[in-house]
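The values are calculated or read from the model by the stated rules, or taken from the named source; none is laboratory data. Keep in mind that what you see is a predicted model, and the values were worked out from it rather than measured. Here Cβ is always computed from backbone atoms with ideal geometry, including for glycine, and neighbour counts include all displayed protein chains.
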Ligand code: SF4
């Protein structure tokens, strides 16, 4: 059935094929969501601007589209998958290494899905782009323009509200002794 702008939903066999690909690449914990159910809010952008040390980096606001443009972006897809990654560690370096490996795997997954013919495949990373030791401060100076991707939060996604709709756990952590839940989103049509 055609939706917004005539966007067609994926056939069930296409969705099953994608889930098989996720499994083969080692992704086990994921859930489908209608992209129109992804909550995009202005307050998330304000939290980036006032409260995040990464504000201004090359794959972060203000180097990203406006919130209304982000809302429009999500409506241009028929399918989205939310991927959950969980870990408990108070070792900062270990946590960074863990996120970097996930980033590499997600970029590889996006490419595989693209090569299957899903030309719009686009992944939102579970943490800020970490391809370089020193991130540039604008898109033009980004060292890996082809590979860098934003996070869901960077595009204004209220991750708390969105993943809660799927029954995924999420809460504010008080310290590193608590288990982290990180979320990435793969958009497909
Ligand atoms: S590729 Fe490098 S410069 Fe570009 S956003 Fe990622 S860390 Fe920053």
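Restricting attention to the stretch 170-189, the residues being assigned to a loop (DSSP other than H, G, I, E, B) and in contact with a helix residue (DSSP H, G or I) (Cβ under 7 Å, 6 or more places away or on another chain) number 1. Among the conditions (1) in contact with a strand residue (DSSP E or B) (Cβ under 9 Å, 6 or more places away or on another chain); (2) modelled with pLDDT of 95 or more; (3) away from the ligand (no atom under 16 Å from the Cβ), residue 112 misses just one, which is (1). Residues of the stretch 34-54 that are touching a helix residue (DSSP H, G or I) at 6+ places or on another chain (Cβ under 9 Å) and assigned to a loop (DSSP other than H, G, I, E, B): 38, 39, 41, 52, 54. The number of residues in the stretch 119-129 being touching a helix residue (DSSP H, G or I) at 6+ places or on another chain (Cβ under 8 Å), part of a loop (DSSP other than H, G, I, E, B) and more than 9 Å from the ligand (Cβ to nearest atom) comes to 4. Any residue at all in the stretch 20-33 that is under 23 Å from residue 77 (Cα atoms), assigned to a loop (DSSP other than H, G, I, E, B) and touching a residue at least 60 places away in the same chain (Cβ under 8 Å)? Yes, the conditions are met somewhere in the stretch 20-33.
For residues in the stretch 53-85 being within 16 Å of the ligand (Cβ to nearest atom) and free of Cβ contacts under 8 Å to residues at least 12 places away in the same chain, which is surrounded by the most Cβ atoms within 10 Å (Cβ to Cβ)? Among them, the one singled out is 55. Here is the figure for the stretch 151-168: residues that are within 16 Å of the ligand (Cβ to nearest atom) and either assigned to a helix (DSSP H, G or I) or modelled with pLDDT under 95 (or both) total 3. Within the stretch 69-88, identify whether any single residue is at pLDDT below 95 and out of contact with any helix residue (DSSP H, G or I) (no Cβ under 8 Å at 6 or more places or on another chain), and answer yes or no. Yes, the conditions are met somewhere in the stretch 69-88. Residue 94 passes every criterion in (1) part of a helix (DSSP H, G or I); (2) at pLDDT 95 or above; (3) under 30 Å from residue 133 (Cβ atoms) apart from (2).
Which of the residues belonging to the stretch 130-150 are more than 6 Å from the ligand (Cβ to nearest atom) and in contact (Cβ under 8 Å) with a residue 60 or more places away in the chain? If the condition is that a residue be more than 6 Å from the ligand (Cβ to nearest atom) and in contact (Cβ under 8 Å) with a residue 60 or more places away in the chain, then 137, 138, 139, 141, 149, 150 are the ones that fit.
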